[in-house]
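Heads up, the thing below is written out as structure tokens.
The values are calculated or read from the model by the stated rules, or taken from the named source; none is laboratory data. Quick caveat, the model's predicted, so the values are computed rather than measured. Reconstructed Cβ throughout: ideal geometry from the backbone, glycine too, with neighbour counts over all protein chains shown. Calculation scope for accessible area: heavy atoms of the full protein, side chains included, ligands and nucleic acids excluded. Shrake-Rupley method; radii C 1.70, N 1.55, O 1.52, S 1.80 Å.
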Amino acid sequence: MKRLACLLLAAMLLLSGCGSSSAATSGEDREPLSVSMEAAPVMGRSYVPQVPLPEAVTPMDQGGETNIWKAAETTDGQAALYNLDSGTGAVLLEWDGTLVMFDGWHFRTPQSVPPRMELLPQGVLMVDLYTGSGTGVSVEELHLIVKDEHGAMTDYVLPPSLYQDRLAALMTAETGKRSGSVSIGNLTLHLPEQEAKLTGGPCLGNIVRYGTGSGGTVYLSLGIGMELKDRADPVYVGEVLCQVGFDNAGVYTLSGFALRE
């Protein structure tokens with residue numbers, strides 16, 4: 001929670017124009033940039049448990065592989081997430097007394113970072129899963145769940161190609177011998193000198209984090225990776241911060257971009 005709070009504070013400062021001086025504005029004013037992509041809807045399936053669901057949240061490092069345990073819940077207790085089968089990513093999602101099952105929700109990593117749940121003011125349930133960890137990798141996955149008047153739940157996962165492909169296509173890079181810059185729209189981030197020559201364009205997708213702010217605003221932070229000559233792993237030179245929008249048609253939109261070291 002402390003990391004999310006720091007991320008949110010930085011995002012709010014940068015998006016309001018009071019951020020790091022490393023994010024410089026150049027050129028004439030342009031139309032605000034944004035990228036959008038429709039998410040694939042996945043309907044939750046009805047599920048009747050054979051035993052009562054546990055009431056207490058189980059620490060991540062104590063949960064089993066194929067037994068039912070509560071992994072997370074909202075602060076008001078209106079919604080909860082239960083592990084069903086870690087191998088297949090099968091989970092149970094309970095929201096206001098309605099219980100459904102989803103597959104492919106993998107959130108058990110060596111870091112044991114628990115899922116985070118929040119009911120947004122728009123009537124949408126947000127579930128933030130920590131799905132990937134390793135050397136130079138820290139990835140979260142955003143699920144927004146919508147419930148209709150009959151209690152049916154539909155999950156919309158933010159497509160990774162929205163930032164890996166469409167957002168990355170908006171960014172440009174200029175590299176010299178060991179330094180350079182990355183830009184998006186009228187924002188430019190000048191890169192510090194590296195140990196070897198920078199090659200290729202910016203890579204997004206290995207460091208992905210989400211946070212929320214006042215009014216249920218969702219923010220996304222992406223590490224900017226650059227390739228170095230004769231080195232397999234990218235070097236991270238900064239981050240892209242942006243706001244995440246979502247509409248009733250299941251379309252995600254990234255906008256309000258900022259750059260920082």
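Across region 240-255, coupling constants 3J(HN,Hα) worked out from phi with the 6.51/-1.76/1.60 Karplus curve, θ = phi - 60°, read 9, 10, 7, 9, 9, x, 8, 10, 5, 8, x, 9, 8, 9, 9, 8 Hz, and Gly and Pro carry x. Database remark: amide H of W105 closer than 5 angstrom to the amide H of A90, V91 (H placed geometrically; neighbours at sequence offset of 5 or more, or on other chains; Pro and chain starts carry no H).
Surface calculation, 1.4 Å probe, protein heavy atoms: Y130 sits at approximately 20 Å² accessible. Close Lys pairs in the chain (alpha-carbon distance under 24 Å; sequence gap of 8 or more, or different chains): 5. For T131, the accessible surface of its heavy atoms amounts to roughly 50 Å² (probe 1.4 Å, protein chains only, rounded to the nearest 10). Evaluate the relative contact order of region 47-163 (contact order divided by residue number), counting alpha-carbon pairs under 8 angstrom at least 6 apart; express in whole percent. Contact order relative to length: 15 percent. Note that the chain presents 49 Å² accessible area per residue, ligands and nucleic acids not counted, probe 1.4 Å. Using the Karplus relation 6.51 cos²θ - 1.76 cosθ + 1.60 with θ = phi - 60°, the per-residue 3J(HN,Hα) values for region 222-230 come to 10, x, 9, x, 10, 7, 10, 4, 6 Hz, with x marking Gly and Pro. You can think of it this way: the chain between Y236 and D96 has 46.2 nm of extra reach, that is 0.36 nm per residue less the Cα-Cα gap. Accessible area of K197 (1.4 Å probe, protein heavy atoms only, ligands and nucleic acids ignored): about 100 Å². Distances between placed amide hydrogens fall under 5 Å for T212 paired with Y219, all partners being 5 or more residues away or on another chain.
Accessible-area rank, largest first, for H150, H143, H190, H106: H150, H190, H106, H143, with all protein chains present and a 1.4 angstrom probe. Phi angles of region 78-87 translate, via the Karplus equation with coefficients 6.51, -1.76, 1.60 and θ = phi - 60°, into HN-Hα couplings of 6, 9, 8, 10, 10, 6, 10, 8, 5, x Hz per residue; Gly and Pro are given as x.
Counting only protein heavy atoms and a probe of 1.4 Å, the accessible surface of the chain is 49% carbon and sulfur. Seen against the Cα atoms of the chain and their longest principal axis, helix 2-15 is set at about 50 degrees. The calculated FRET efficiency for the pair E118 and N67, based on their C-beta separation and a Förster distance of 41 Å, comes to about 0.95.
Using the Cβ-Cβ distance between V42 and K177 with R0 set to 45 Å, the FRET efficiency works out to roughly 0.40.
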